[in-house]
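The values are calculated or read from the model by the stated rules, or taken from the named source; none is laboratory data. All figures in this text were calculated on a predicted structure; none of them were measured in a lab. Cβ atoms come from the backbone with ideal geometry, glycine included; neighbour counts cover every protein chain shown. Heads up: the accessible areas ignore ligands, DNA and RNA and are worked out on the full protein's heavy atoms, side chains in. Shrake-Rupley method; radii C 1.70, N 1.55, O 1.52, S 1.80 Å.
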Amino acid sequence: MGGRRAGVLGSPVRHSLSPVLHNAAYAALGLDDWSYDTHEVDEESLPAFVQALGAEWVGLSVTMPGKRAALAVAESATPRAVAVGAANTLARLPSGGWKADCTDVDGVAGALRAAGGFRGGAGRPAAILGAGGTAAAAVAALESLGLTEVRLVVREPARAQATVEAARRVGIDVVVLRWADTDFAALAAEVEVLVNTVPPEAVAPHAATLAAVPSVLDVIYHPWPTPLAEAVAARGGRVATGLDMLLHQAFGQVEQFTGRPAPRTVMRDALRDATEHVLPLPLD
(Lines give C-alpha, C1' and ligand atoms only; values in the text may rest on other atoms or scores of the structure.)
Protein backbone atom coordinates (compact mmCIF):
# COMPACT_ATOMS: atom_id res chain seq x y z
CA MET A 1 0.00 0.00 0.00
CA GLY A 2 1.66 3.23 -1.06
CA GLY A 3 1.08 6.94 -1.26
CA ARG A 4 -1.27 7.14 1.69
CA ARG A 5 -2.20 10.35 3.46
CA ALA A 6 -3.47 11.31 6.89
CA GLY A 7 -3.64 14.53 8.83
CA VAL A 8 -5.05 16.57 11.67
CA LEU A 9 -7.96 18.98 11.24
CA GLY A 10 -8.57 21.88 13.57
CA SER A 11 -8.59 25.64 14.05
CA PRO A 12 -6.07 26.77 15.09
CA VAL A 13 -3.92 23.77 14.22
CA ARG A 14 -0.57 25.13 13.06
CA HIS A 15 1.23 24.24 16.30
CA SER A 16 -0.20 20.73 16.59
CA LEU A 17 2.27 18.06 17.69
CA SER A 18 0.28 15.26 16.05
CA PRO A 19 2.50 15.28 12.91
CA VAL A 20 5.51 14.56 15.15
CA LEU A 21 3.81 11.46 16.55
CA HIS A 22 2.31 10.10 13.34
CA ASN A 23 5.25 10.71 11.02
CA ALA A 24 7.60 9.09 13.55
CA ALA A 25 5.28 6.09 13.70
CA TYR A 26 4.99 5.74 9.93
CA ALA A 27 8.78 5.92 9.53
CA ALA A 28 9.28 3.28 12.22
CA LEU A 29 6.73 1.03 10.49
CA GLY A 30 8.53 1.38 7.15
CA LEU A 31 5.67 3.35 5.58
CA ASP A 32 8.02 5.71 3.81
CA ASP A 33 5.45 6.96 1.30
CA TRP A 34 2.88 7.87 3.96
CA SER A 35 2.47 11.46 5.04
CA TYR A 36 0.65 13.30 7.82
CA ASP A 37 0.20 17.06 8.04
CA THR A 38 -1.98 19.83 9.46
CA HIS A 39 -5.10 21.36 7.90
CA GLU A 40 -6.83 24.50 9.12
CA VAL A 41 -10.45 23.35 9.18
CA ASP A 42 -13.19 24.70 11.43
CA GLU A 43 -16.44 23.03 12.46
CA GLU A 44 -18.50 24.47 9.63
CA SER A 45 -16.07 23.53 6.86
CA LEU A 46 -15.22 20.05 8.15
CA PRO A 47 -17.99 18.08 6.36
CA ALA A 48 -17.12 19.47 2.93
CA PHE A 49 -13.38 19.00 3.53
CA VAL A 50 -13.82 15.36 4.53
CA GLN A 51 -16.21 14.55 1.71
CA ALA A 52 -13.77 15.95 -0.87
CA LEU A 53 -10.85 13.73 0.16
CA GLY A 54 -9.58 11.14 -2.29
CA ALA A 55 -9.08 7.43 -1.77
CA GLU A 56 -5.44 7.94 -0.76
CA TRP A 57 -6.63 9.35 2.57
CA VAL A 58 -6.71 6.70 5.29
CA GLY A 59 -7.27 8.65 8.48
CA LEU A 60 -7.91 11.96 10.15
CA SER A 61 -7.22 13.26 13.62
CA VAL A 62 -9.70 15.93 14.66
CA THR A 63 -9.06 18.56 17.28
CA MET A 64 -11.17 21.50 18.39
CA PRO A 65 -13.56 22.78 17.26
CA GLY A 66 -14.57 19.97 14.90
CA LYS A 67 -15.05 16.89 17.07
CA ARG A 68 -18.85 16.93 17.06
CA ALA A 69 -18.89 17.59 13.33
CA ALA A 70 -16.54 14.63 12.82
CA LEU A 71 -18.97 12.34 14.60
CA ALA A 72 -21.83 13.62 12.46
CA VAL A 73 -20.00 13.13 9.15
CA ALA A 74 -19.08 9.49 9.84
CA GLU A 75 -20.83 6.51 8.28
CA SER A 76 -20.43 4.54 11.53
CA ALA A 77 -19.12 5.20 15.02
CA THR A 78 -17.75 3.30 17.98
CA PRO A 79 -19.94 3.09 21.09
CA ARG A 80 -17.55 5.31 23.03
CA ALA A 81 -17.64 8.05 20.40
CA VAL A 82 -21.43 7.95 20.55
CA ALA A 83 -21.33 8.05 24.34
CA VAL A 84 -18.93 11.00 24.44
CA GLY A 85 -20.85 12.76 21.68
CA ALA A 86 -17.68 13.63 19.78
CA ALA A 87 -14.95 12.03 17.68
CA ASN A 88 -11.27 12.88 17.45
CA THR A 89 -10.58 10.08 14.97
CA LEU A 90 -11.91 9.28 11.50
CA ALA A 91 -10.62 6.07 9.92
CA ARG A 92 -11.37 5.07 6.33
CA LEU A 93 -13.82 2.19 5.88
CA PRO A 94 -13.64 -0.37 3.03
CA SER A 95 -16.85 1.22 1.74
CA GLY A 96 -14.99 4.50 1.27
CA GLY A 97 -16.81 6.19 4.14
CA TRP A 98 -15.47 6.98 7.57
CA LYS A 99 -15.67 5.37 10.98
CA ALA A 100 -15.60 7.71 13.97
CA ASP A 101 -13.87 6.92 17.24
CA CYS A 102 -12.83 8.83 20.36
CA THR A 103 -9.30 7.83 21.25
CA ASP A 104 -9.33 10.78 23.65
CA VAL A 105 -10.73 8.17 26.05
CA ASP A 106 -7.49 6.21 25.69
CA GLY A 107 -5.58 9.46 26.13
CA VAL A 108 -7.10 10.20 29.52
CA ALA A 109 -6.98 6.60 30.76
CA GLY A 110 -3.44 6.01 29.52
CA ALA A 111 -2.18 9.26 31.00
CA LEU A 112 -3.68 8.47 34.40
CA ARG A 113 -2.18 4.97 34.44
CA ALA A 114 1.28 5.73 33.08
CA ALA A 115 1.98 9.23 34.40
CA GLY A 116 -0.65 9.75 37.09
CA GLY A 117 0.11 6.60 39.03
CA PHE A 118 -3.44 5.19 38.90
CA ARG A 119 -3.35 1.51 39.81
CA GLY A 120 -6.99 0.56 40.19
CA GLY A 121 -10.05 1.87 41.87
CA ALA A 122 -10.49 1.95 45.64
CA GLY A 123 -14.24 2.37 45.35
CA ARG A 124 -14.14 6.13 45.80
CA PRO A 125 -15.38 8.78 43.34
CA ALA A 126 -13.41 10.83 40.84
CA ALA A 127 -13.58 14.58 40.38
CA ILE A 128 -13.50 16.57 37.15
CA LEU A 129 -12.98 20.32 37.16
CA GLY A 130 -14.77 21.87 34.18
CA ALA A 131 -17.32 20.47 31.76
CA GLY A 132 -15.97 21.10 28.26
CA GLY A 133 -15.19 18.55 25.58
CA THR A 134 -12.27 17.02 27.47
CA ALA A 135 -14.52 16.41 30.46
CA ALA A 136 -16.93 14.33 28.36
CA ALA A 137 -14.07 12.08 27.20
CA ALA A 138 -12.78 11.95 30.76
CA VAL A 139 -15.98 10.45 32.15
CA ALA A 140 -15.78 7.64 29.57
CA ALA A 141 -12.13 7.10 30.48
CA LEU A 142 -12.91 6.96 34.18
CA GLU A 143 -15.57 4.33 33.52
CA SER A 144 -13.02 2.28 31.56
CA LEU A 145 -10.73 2.45 34.61
CA GLY A 146 -13.43 1.00 36.83
CA LEU A 147 -14.73 4.13 38.53
CA THR A 148 -18.47 4.53 38.95
CA GLU A 149 -18.99 8.01 40.46
CA VAL A 150 -17.86 11.49 39.41
CA ARG A 151 -18.05 14.87 41.09
CA LEU A 152 -18.26 17.47 38.32
CA VAL A 153 -17.20 20.92 39.54
CA VAL A 154 -18.26 23.78 37.25
CA ARG A 155 -18.81 27.52 37.30
CA GLU A 156 -22.34 27.21 35.99
CA PRO A 157 -24.16 23.86 36.37
CA ALA A 158 -26.57 24.66 33.54
CA ARG A 159 -23.64 24.47 31.10
CA ALA A 160 -22.61 20.98 32.20
CA GLN A 161 -25.43 19.12 30.47
CA ALA A 162 -23.36 17.58 27.66
CA THR A 163 -20.86 16.11 30.12
CA VAL A 164 -23.63 14.92 32.43
CA GLU A 165 -25.31 13.16 29.51
CA ALA A 166 -22.02 11.55 28.47
CA ALA A 167 -21.54 10.28 32.02
CA ARG A 168 -24.98 8.78 32.11
CA ARG A 169 -24.49 7.10 28.73
CA VAL A 170 -21.41 5.25 30.03
CA GLY A 171 -23.05 4.39 33.34
CA ILE A 172 -21.25 6.86 35.58
CA ASP A 173 -23.20 8.42 38.44
CA VAL A 174 -22.54 12.16 38.34
CA VAL A 175 -23.04 14.88 40.94
CA VAL A 176 -22.71 18.46 39.67
CA LEU A 177 -21.18 20.96 42.10
CA ARG A 178 -21.10 24.72 41.68
CA TRP A 179 -17.50 25.95 41.86
CA ALA A 180 -18.28 28.85 44.21
CA ASP A 181 -20.01 26.53 46.69
CA THR A 182 -17.49 23.67 46.65
CA ASP A 183 -15.47 22.69 49.72
CA PHE A 184 -12.26 21.73 47.93
CA ALA A 185 -10.67 20.22 51.02
CA ALA A 186 -13.63 17.89 51.48
CA LEU A 187 -13.57 17.07 47.77
CA ALA A 188 -9.87 16.19 47.85
CA ALA A 189 -10.41 13.93 50.85
CA GLU A 190 -13.29 12.14 49.15
CA VAL A 191 -11.98 11.36 45.67
CA GLU A 192 -9.20 9.13 44.37
CA VAL A 193 -8.76 10.69 40.92
CA LEU A 194 -8.77 14.34 39.84
CA VAL A 195 -8.97 15.52 36.24
CA ASN A 196 -8.50 19.26 35.80
CA THR A 197 -9.68 20.77 32.52
CA VAL A 198 -9.84 24.45 33.54
CA PRO A 199 -7.11 27.13 33.23
CA PRO A 200 -4.23 27.12 35.74
CA GLU A 201 -5.17 30.45 37.26
CA ALA A 202 -8.60 29.13 38.24
CA VAL A 203 -7.11 26.17 40.09
CA ALA A 204 -4.16 28.01 41.67
CA PRO A 205 -5.99 29.06 44.86
CA HIS A 206 -6.93 25.43 45.53
CA ALA A 207 -3.79 23.71 44.17
CA ALA A 208 -2.20 22.79 47.49
CA THR A 209 -5.48 21.29 48.71
CA LEU A 210 -6.22 19.36 45.52
CA ALA A 211 -2.68 17.97 45.38
CA ALA A 212 -3.71 15.55 48.13
CA VAL A 213 -5.73 13.51 45.60
CA PRO A 214 -3.83 10.25 44.92
CA SER A 215 -3.97 10.41 41.11
CA VAL A 216 -4.02 13.74 39.24
CA LEU A 217 -4.34 14.68 35.58
CA ASP A 218 -3.89 18.34 34.65
CA VAL A 219 -4.69 18.67 30.95
CA ILE A 220 -2.60 21.85 30.73
CA TYR A 221 1.07 21.39 29.81
CA HIS A 222 2.08 24.83 28.54
CA PRO A 223 3.33 26.83 30.29
CA TRP A 224 4.82 24.22 32.59
CA PRO A 225 4.72 23.55 35.45
CA THR A 226 1.22 24.58 36.43
CA PRO A 227 0.42 25.56 40.04
CA LEU A 228 -1.37 22.22 40.47
CA ALA A 229 1.62 20.28 39.14
CA GLU A 230 3.97 22.18 41.46
CA ALA A 231 1.74 21.37 44.41
CA VAL A 232 1.62 17.68 43.53
CA ALA A 233 5.41 17.59 43.16
CA ALA A 234 5.81 19.29 46.53
CA ARG A 235 3.88 16.40 48.10
CA GLY A 236 6.03 13.84 46.29
CA GLY A 237 3.22 12.79 43.99
CA ARG A 238 2.89 12.20 40.26
CA VAL A 239 0.85 14.23 37.82
CA ALA A 240 -0.28 13.36 34.31
CA THR A 241 -0.65 16.11 31.71
CA GLY A 242 -2.24 16.96 28.39
CA LEU A 243 1.00 15.96 26.71
CA ASP A 244 0.63 12.46 28.14
CA MET A 245 -2.95 12.47 26.86
CA LEU A 246 -1.81 13.49 23.37
CA LEU A 247 0.68 10.62 23.30
CA HIS A 248 -1.70 7.94 24.51
CA GLN A 249 -4.59 8.97 22.24
CA ALA A 250 -2.28 8.82 19.22
CA PHE A 251 -1.46 5.13 19.67
CA GLY A 252 -4.98 4.04 18.75
CA GLN A 253 -5.12 6.42 15.81
CA VAL A 254 -1.92 5.01 14.32
CA GLU A 255 -3.24 1.48 14.74
CA GLN A 256 -6.58 2.30 13.12
CA PHE A 257 -4.94 4.12 10.21
CA THR A 258 -2.19 1.55 9.50
CA GLY A 259 -3.60 -1.73 10.80
CA ARG A 260 -0.37 -2.32 12.72
CA PRO A 261 0.66 -2.03 16.38
CA ALA A 262 1.80 1.47 17.26
CA PRO A 263 5.57 1.83 17.87
CA ARG A 264 4.96 3.37 21.27
CA THR A 265 8.52 3.97 22.39
CA VAL A 266 9.46 5.60 19.09
CA MET A 267 6.43 7.88 19.28
CA ARG A 268 7.15 8.79 22.90
CA ASP A 269 10.80 9.59 22.15
CA ALA A 270 9.83 11.76 19.16
CA LEU A 271 7.39 13.74 21.28
CA ARG A 272 9.92 14.18 24.07
CA ASP A 273 12.49 15.48 21.58
CA ALA A 274 9.96 17.88 20.02
CA THR A 275 9.08 19.32 23.45
CA GLU A 276 12.66 19.60 24.71
CA HIS A 277 12.12 16.82 27.28
CA VAL A 278 9.93 19.05 29.44
CA LEU A 279 8.04 15.95 30.65
CA PRO A 280 9.12 12.31 31.08
CA LEU A 281 6.06 10.85 29.26
CA PRO A 282 6.23 7.39 30.86
CA LEU A 283 4.61 4.42 29.14
CA ASP A 284 2.54 1.69 30.84
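Within the range 167-205, count every residue that is in contact with a strand residue (DSSP E or B) (Cβ under 9 Å, 6 or more places away or on another chain) and part of a helix (DSSP H, G or I).
10
Looking at the range 23-43, which of its residues are closer than 14 Å to P261 by Cβ and part of a loop (DSSP other than H, G, I, E, B)?
L29, G30, L31
Pick from the range 253-284 the residues that are open to solvent by 10 Å² or more (accessible area, probe 1.4 Å) and of a type in the set (V, I, T): which of them is farthest from P94 (Cα to Cα)?
V278
For the range 191-201, which residues satisfy the criterion of being hydrophobic (A, V, I, L, M, F, W, C) and open to solvent by less than 20 Å² (accessible area, probe 1.4 Å)?
Residues satisfying the conditions are V191, V193, L194, V195.
Let me confirm something: among A204, A250, A231, A212, which residue is more than 17 Å from V154 (Cβ to Cβ), crowded, with 21+ Cβ neighbours inside 10 Å and out of contact with any His (no Cβ under 8 Å at 6 or more places or on another chain)?
Step by step, each of A204, A250, A231, A212 is checked, and only A231 is more than 17 Å from V154 (Cβ to Cβ), crowded, with 21+ Cβ neighbours inside 10 Å and out of contact with any His (no Cβ under 8 Å at 6 or more places or on another chain).
Tell me the helices (runs of 4 or more DSSP H) entirely within the range 45-161 that contain at least 3 residues that are of a type in the set (G, A, S) and either within 30 Å of A207 (Cβ to Cβ) or open to solvent by less than 30 Å² (accessible area, probe 1.4 Å) (or both).
Here the list reads 104-114, 133-144.
Could you give every pair whose Cβ atoms fall below 7 Å, whose first residue belongs to the range 187-211 and is farther than 23 Å from A140 by Cβ, and whose second residue is of a type in the set (F, W, Y) and open to solvent by less than 10 Å² (accessible area, probe 1.4 Å), counting only separations of at least 6 or pairs across chains?
Sorted first by the residue in the range 187-211, then by its partner, the list stays empty.
Would you tally the residues in the range 166-190 being surrounded by 15 or more Cβ atoms within 10 Å (Cβ to Cβ) and under 21 Å from the mean Cα position of the chain (by Cα)?
Total satisfying the criteria: 6.
How many of the residues in the range 12-34 are open to solvent by 50 Å² or more (accessible area, probe 1.4 Å) and among the polar types (S, T, N, Q)?
The total comes to 1.
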